[in-house]
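Notes follow once the structure below has been shown.
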Amino acid sequence: MTRAERFAALGEAARAGRWHLSNCRLPISDPSLPRAGDGLVRADVTIENGRIAALTAPESQPGMDLGGRIVLPGLVDCHTHLDKGHIWARTPNPDGTFSGAIDATWNDHQAHWTEADIRQRMEFALRAAYAHGTVAIRTHLDMGEDGSILPLFREIAQDWAGRVALQPAPLLGSYNADDPDLLERVAQELKAFPGAALGAFARAFREDQPDLPKRLEGFIRVAEKHGLALDFHVDETTDPSSRGLALVAEAVHQTGFQGPVLCGHCCALSGYTNNALNRVLEMAQGTGISVVSLPLCNGYLLDRNGEKTPRLRAVAPVHEIRAAGIQVAFGSDNTRDPFNAYGDLDLWEIYRFATLMQHLDHPVGDWPAAISRIPAQIMGIEAGQITPGAPADLIVLEARAWDEAISRPQSGRILIRDGLPIDPPLPDYAELDGLEGLDALSD
């Protein structure tokens, strides 16, 4: 059966109202279902009224036989930068370095970021994410001097409600803690978004910012006052003297903050000695801190130096972090901008890349939850699960085992949203040709 035939058959089955996916392999833990090896179980999935009605023993229900294909829950991306996306063509990074990315992005922001420009790029990115099977996204937002992006983001979030749930995490500098009026104004606006996070980039070399611990506490106090989550960029470097995660953990302990705290990147930890790593992870235990690793972007950006081949993988030590009882997710981060020239907000691509870069295999176990259930928990939303009562947002892969799944990009995956098969197209890059600053590309 071809993909087109399978999609048509799924549509026909779904018209029954209550319908069944038979002979599936699911990445869940359920002792009542037979194991299929390496974190998978065999099951039939019953769907009714847009939700999963039941999981039963395989082939117990007459329905659409998937031939043992893997079925994933809808994907959840908890660390992106939708406002920066797709500016590479007009403002590339001149040398691919971190400092080059900062300068290029700032220049593009000053020259081109209007509401129309941001909206068009965000819409393009969201259509790509939706077509790949993503159901929810948290995005960092560069606030600018007046914070005016949040009203625009609210409009876009309302437009996408029911397709991709959007959650903001304004990205401020740690120095913004010195402006309590700004923090208060941003926090007040964020209260309109369930699960929203107050975010900051925390450059964590003590000699650079001796006031950083106090500033982190300032962010935490504001988040606590307004019932917000926290989301920090930390240790986005290969320099093992970076102490971002440690300082965040210290600040959480100092303030007694009880809310969720997400720390993105954590690349420097891979260069720590074992003793130093263990000490930092012990500090983070029991604090509500989770970690999101961003392998595609950090693999592109870090340890880049002219014509030298990179020596370091520049990714978080996710096995050690998870072994310490700290939740780990994976995210897309930047796409087609000066921080990462590539990417398409495809979390499956991120997972494949992470499997190779960070060895999420032998066994695979429950690592797939790091692009679904775990980021959904971090964001405080109902998504990313295959369990009775959960939304029937599913992805049918063209694979029966993880080696088959990882070996191909799964461009033929079939999406099921709200219990119905859908086939949204990927947006055409030519749609971005009208953006300001891209006219020169036509030559």
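Computed quantities for the displayed model
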| read-out | value |
| --- | --- |
| Computed FRET value (nearest 0.05) for ASP103 with GLN285, which takes r as the C-beta separation and R₀ as 41 Å | 0.60 |
| Charge dipole (debye, nearest 20) of region 266-413; +1 at Cβ of Lys and Arg, -1 at Cβ of Asp and Glu | 320 |
| Cα-centred dipole magnitude for the chain, charges only on beta-carbon of K, R (+1) and D, E (-1), debye, nearest 20 | 1400 |
| HN-Hα J in Hz across region 210-222 - Karplus 6.51, -1.76, 1.60, θ = phi - 60°, x for Gly and Pro | x, 8, 4, x, 5, 5, 4, 4, x, 4, 5, 4, 5 |
| Helix axis angle, 180-190 relative to the chain longest principal axis, alpha carbon, degrees | 10 |
| The chain - share of DSSP beta bridges that are antiparallel (%, nearest 5) | 40 |
| Along principal axes, Cα extents of region 146-295, largest first, whole Å | 48, 33, 26 |
| Cβ-placed point charges (K, R +1; D, E -1), dipole of region 4-138 about Cα centre in debye, nearest 20 | 280 |
| Options TYR300, GLN188, ILE47, ranked by Cα towards positive dipole end of the chain, top entry (Cβ charges) | ILE47 |
| Most positive-pole-ward Cα, VAL135, HIS265, SER60, against dipole of the chain from beta carbon charges | SER60 |
| FRET E, pair ALA8, ASP239, Förster distance 41 Å, beta-carbon r, rounded to 0.05 | 0.15 |
| Area projected by the alpha carbon convex hull of region 149-208, averaged over all directions, nm² | 4.8 |
| Principal-axis tilt of helix 274-284 within the chain, Cα atoms, nearest 10 degrees | 80 |
| Pairwise label distance in nanometres, THR114 with LEU356, each label 7 Å out on the Cα-Cβ vector | 4.1 |
| Accessible-area value, LEU435, 1.4 Å probe, nucleic acids and ligands omitted, Å² | 10 |
| Square roots of 5 times each gyration tensor eigenvalue, C-alpha, region 294-365, largest first, Å | 22, 15, 11 |
| Using alpha-carbon coordinates, inclination of helix 3-14 to the longest axis of the chain, degrees | 80 |
| Kirkwood Rh (inverse of mean 1/r, distinct Cα pairs), region 26-140, angstrom | 17.9 |
| Integer Hz, Karplus 6.51/-1.76/1.60 couplings in order for region 344-359, x for Gly and Pro | 9, 6, 10, 5, 5, 4, 4, 5, 4, 5, 5, 4, 6, 6, 10, 6 |
| Value of Rg to Rh for region 224-334 (Rh from inverse mean 1/r over Cα pairs, i.e. Kirkwood) | 0.99 |
| Modelled FRET efficiency - R0 30 Å, HIS226 with TYR342, Cβ distances, 0.05 increments | 0.25 |
| In Hz, Karplus ³J(HN,Hα) per residue of region 92-98 (6.51, -1.76, 1.60; θ = phi - 60°; x = Gly, Pro) | x, 6, x, 9, x, 8, 5 |
| Solvent-accessible area per residue for the chain (1.4 angstrom probe, square angstrom) | 41 |
| Trypsin sites (Lys or Arg not before Pro) restricted to region 267-325 and DSSP loop, no more than 11 other C-beta within 10 Å | ARG311 |
| For region 69-125, the fraction of alpha-carbon pairs in successive 10 Å shells from zero, as % | 20, 42, 23, 10, 4 |
| Convex hull volume of the chain per residue (C-alpha atoms, cubic angstrom) | 148 |
| Per-selection Rg to Rh, region 359-431 - Cα, Kirkwood hydrodynamic radius | 1.00 |
| Accessible area in the full protein assembly, largest first, 1.4 Å probe, for HIS140, HIS132 | HIS132, HIS140 |
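The values are calculated or read from the model by the stated rules, or taken from the named source; none is laboratory data. The structure displayed is predicted, hence computed values, not measured ones. Glycine gets a Cβ as well: all are built from the backbone with ideal geometry, and neighbour counts include every protein chain shown. Heavy atoms of the whole protein, side chains included, go into the accessibility calculation; ligands, DNA and RNA do not. Shrake-Rupley method; radii C 1.70, N 1.55, O 1.52, S 1.80 Å.
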